[in-house]
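The next block holds one structure in the form of structure tokens; read it before the comments.
What follows draws every value from the coordinates through simple rules; no lab data is involved. Owing to the predicted nature of the structure, the values given are computational and were not obtained by experimental measurement. Every residue, glycine as well, gets a Cβ built from its backbone with ideal geometry; the counts of neighbours run over all protein chains shown.
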Amino acid sequence: MLLNFLDLLGTGVFAATGAMVAARRNLDIFGALVLAFVTAVGGGTIRDFTLGSMPVFWVHDTSYLAIIFLSTALTLFGRRWWDQTRAILLVSDALGLGVFTVIGIEKALRFGVPPMTAVMMGVLTGAGGGLIRDILAGRVPMVLRSEIYATAAIAGGLFYIVMQDVGIARSVVAIACACVVFCLRLLAIYCNMSLPRLTAPKQSRKPVRE
Amino acid sequence: MLLNFLDLLGTGVFAATGAMVAARRNLDIFGALVLAFVTAVGGGTIRDFTLGSMPVFWVHDTSYLAIIFLSTALTLFGRRWWDQTRAILLVSDALGLGVFTVIGIEKALRFGVPPMTAVMMGVLTGAGGGLIRDILAGRVPMVLRSEIYATAAIAGGLFYIVMQDVGIARSVVAIACACVVFCLRLLAIYCNMSLPRLTAPKQSRKPVRE
Amino acid sequence: MLLNFLDLLGTGVFAATGAMVAARRNLDIFGALVLAFVTAVGGGTIRDFTLGSMPVFWVHDTSYLAIIFLSTALTLFGRRWWDQTRAILLVSDALGLGVFTVIGIEKALRFGVPPMTAVMMGVLTGAGGGLIRDILAGRVPMVLRSEIYATAAIAGGLFYIVMQDVGIARSVVAIACACVVFCLRLLAIYCNMSLPRLTAPKQSRKPVRE
């Protein structure tokens with residue numbers, strides 16, 4: 001099935017970005033595996049914890065682990081082609097974001113959660129892994145700073161809920177939602193768009209709970 | 001019911017501190033939402049994972065999500081009043097700490113855990129969210145450093161267990177425990193008290209597992 | 001039973017390393033308790049979340065909490081003996097790594113997961129706590145950087161799976177696996193071995209998802 005294929009493609013691409021961050025931060029090969037792993041399945045794992053879907057989705061299906069191993073190995077061995085394959089990776093990553101968002105929303109809806117929670121679960125599935133990866137790599141998660149990344153997933157998620165309320169067939173809604181996320185993300189990269197950064201008032205430097 | 005109202009108040013105030021930290025760290029609006037969210041419900045979420053209370057408490061009750069959205073919006077729009085409202089926030093935050101501690105202990109006891117674990121769950125519910133917020137914001141959690149924050153929750157938790165053993169009515173114990181945490185926390189702020197920081201011996205700079 | 005004793009020994013030693021890191025980072029006593037706690041039971045807790053083994057193993061058995069308290073107190077009061085006891089701690093820590101790896105694999109196998117997942121759960125149980133400790137202490141986890149630590153657990157885990165396939169008695173396999181991890185870890189410390197750090201190509205400084 002197409003969705004299964006796209007799921008594994010997204011897993012592999014997310015794993016590749018994890019391995020790349022590990023190499024850039026000069027971690028070792030175990031660090032690359034861990035970062036690849038959390039980027040690829042971290043979001044879905046927390047989603048499953050939260051929904052109570054136990055055991056977590058990759059525990060019995062070793063194809064996820066296999067893809068992550070393979071992708072990490074390919075990424076590390078193919079370091080000399082990183083510059084040339086950058087565009088392919090960005091596009092595949094945007095595709096992975098769209099597919100993961102749809103998978104997250106649909107799993108949440110199968111568990112009977114309210115629409116708002118389902119959108120959240122979609123965003124978590126799509127953007128949660130990269131967030132954990134950045135924390136492990138010792139930097140403030142990119143997704144919290146200025147990128148239009150999670151924002152694309154949120155927009156796609158809201159689109160999904162509205163489309164579904166209208167009564168359109170589930171498979172059409174899923175494809176449309178993934179396309180919305182994919183296109184918004186590519187548009188953001190192409191136009192170099194980002195959310196404005198917040199600023200705090202000058203005088204109140206002293207945080208509330210410090 | 002009073003406890004429900006205080007629970008939502010605490011959720012809103014914790015969310016506000018998350019949004020404030022996000023603005024001070026120059027994150028974007030999605031970062032503010034994420035930090036508000038983890039501060040408000042992060043501790044309770046890990047408590048629910050640990051106890052096996054699935055799905056997690058906010059999954060089916062969207063009032064938490066709604067409060068967090070509202071609080072984040074108000075906090076970011078009202079940036080110019082941060083200095084004037086600082087005292088209100090500190091007091092409300094102390095109240096939230098007390099209420100969350102009681103909620104955590106009582107939920108843990110309903111799951112039949114030993115008293116020591118219940119106290120831990122209370123502290124986790126009250127102080128865990130701020131800890132996750134600080135990690136996401138890229139700083140060593142305030143609560144681990146020098147504040148009398150978790151300490152107030154621990155004292156309140158032990159007080160709860162002792163009171164309950166004596167045989168006092170549950171509702172009285174709950175209110176008394178929240179008051180103990182609240183007063184200790186306010187006292188610590190007012191007197192500028194903090195726990196002493198630990199020091200390591202000079203010679204042994206080399207950590208065990210490095 | 002021997003395994004229970006070794007489990008509690010490992011818990012105590014891991015807690016001691018957590019308390020030491022806390023003192024070196026100048027956290028307060030609550031920070032030392034939290035770091036001791038996550039180092040000792042953090043890996044097993046995430047393993048239990050993932051397998052869906054709820055509630056988590058230490059919730060009903062307070063001996064873990066008791067050992068962690070005791071070990072933290074001893075570690076902080078005995079700061080002047082840290083240099084003299086360093087060798088004992090390193091050896092005990094290696095023993096703890098071996099024991100935790102075996103416990104993790106066996107628990108995963110009892111839940112009927114595939115061998116690869118079981119190895120992962122063993123590594124997570126052994127090395128996951130130290131990883132969380134380092135994140136809370138605000139540094140890139142040692143285990144991701146260059147140490148032969150998780151690598152020893154991986155080797156031991158693969159050894160376990162192979163031995164079990166051959167049909168050797170479970171108790172023999174368990175002891176042999178713990179010995180493999182223990183010896184590899186000690187060898188790595190003694191010979192000062194570490195995994196090579198990864199490097200990224202010069203030109204492509206711009207990460208994919210930034």
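About its Cα centre, region C:2-190 has a charge dipole of approximately 340 debye under the convention of +1 per Lys or Arg Cβ and -1 per Asp or Glu Cβ, with nothing else charged. Please name whichever of C:Val91, C:Leu76, C:Leu144 sits farthest to the positive end of the charge dipole of region C:2-190, dipole taken about the Cα centre and charges placed at Cβ: Lys and Arg +1, Asp and Glu -1. Positive-most Cα among the choices belongs to C:Leu76. A:Leu187 label point (Cα plus 7 Å toward Cβ) to equivalent points in the other copies: 5.8, 5.8 nm, shortest first.
Converting the Cα gyration tensor eigenvalues of the protein assembly as shown into ellipsoid dimensions via √(5λ) gives semi-axes, longest first, of 34, 34, 24 Å. Relative to the Cα centre, the charge distribution of region B:103-172, modelled as +1 at Lys and Arg Cβ and -1 at Asp and Glu Cβ, gives a dipole magnitude of about 160 debye. The rotation axis taking chain A to chain C passes closest to the C-beta of one chain A residue; that residue and the distance in whole Å read A:Phe49, 3. Sites count as exposed loop sites when they are trypsin sites (Lys or Arg not before Pro), lie in a DSSP loop, and have at most 11 other Cβ atoms within 10 angstrom; the longest stretch of chain C without one is C:1-201. Here the protein assembly as shown is treated with +1 on each Lys and Arg Cβ and -1 on each Asp and Glu Cβ, and its dipole about the Cα centre works out to around 1980 debye. If you run the Gaussian network model on chain B, springs between alpha carbon atoms under 10 Å, then out of B:Ser194, B:Ser92, B:Ser71 the most flexible one is B:Ser194. Remark: label point of A:Asn4 defined 7 Å out from Cα along the Cα-Cβ vector; separations to the same position in other copies 4.6, 4.6 nm, ascending. Can you give the average number of partner chain beta-carbon atoms within 10 Å of each beta-carbon in peptide C:118-125, as a whole number? Mean partner shielding for this stretch: 2. Taken as Cα centroids, region B:138-170 and region C:106-130 sit 34 Å apart, rounded to the nearest whole angstrom.
Rg then Dmax, both in Å and based on the Cα atoms of chain B: 17.5, 57. Per-residue mean of foreign Cβ neighbours for A:133-140 is 5 (Cβ atoms of other chains, 10 Å radius). Normalised by the number of residues in chain B, the mean separation of alpha-carbon contacts (under 8 Å, six or more apart) gives a relative contact order of 22 percent. Between rounded, prolate and oblate, where does region A:49-128 land on the alpha carbon gyration tensor, with a ≥ b ≥ c its root eigenvalues, rounded for a/c under 1.5, else prolate if a/b exceeds b/c? Oblate, because a/c is 1.5 or more while a/b does not exceed b/c. Positive-end ranking of C:Tyr190, C:Gly104, C:Tyr160 along the dipole of chain C, with charges on Cβ about the Cα centre, is headed by C:Tyr190.
Copy-to-copy label distances for B:Pro201, where each label lies 7 Å from Cα along Cα-to-Cβ, are 5.1, 5.1 nm in order of increasing length.
In chain B, helices alone account for a calculated mean residue ellipticity at 222 nm of -24000 deg cm²/dmol, with every DSSP H run of four or more residues adding -39,500 (n - 2.57). Once the C-beta distance of A:Ala87 and A:Met1 is scaled by a Förster radius of 30 Å, the resulting FRET efficiency is 0.65 to the nearest 0.05.
Each of B:Glu106, C:Glu147 was scored by other Cβ atoms within 10 Å of its Cβ. Listed from fewest to most, they are B:Glu106, C:Glu147. Along the Cα-to-C-beta direction of C:Asp165, a point sits 7 Å from the Cα; which residues of region C:106-123 have their amide N less than 14 Å from that point? The answer is C:114-119, whose backbone nitrogens lie closer than 14 Å to the label point.
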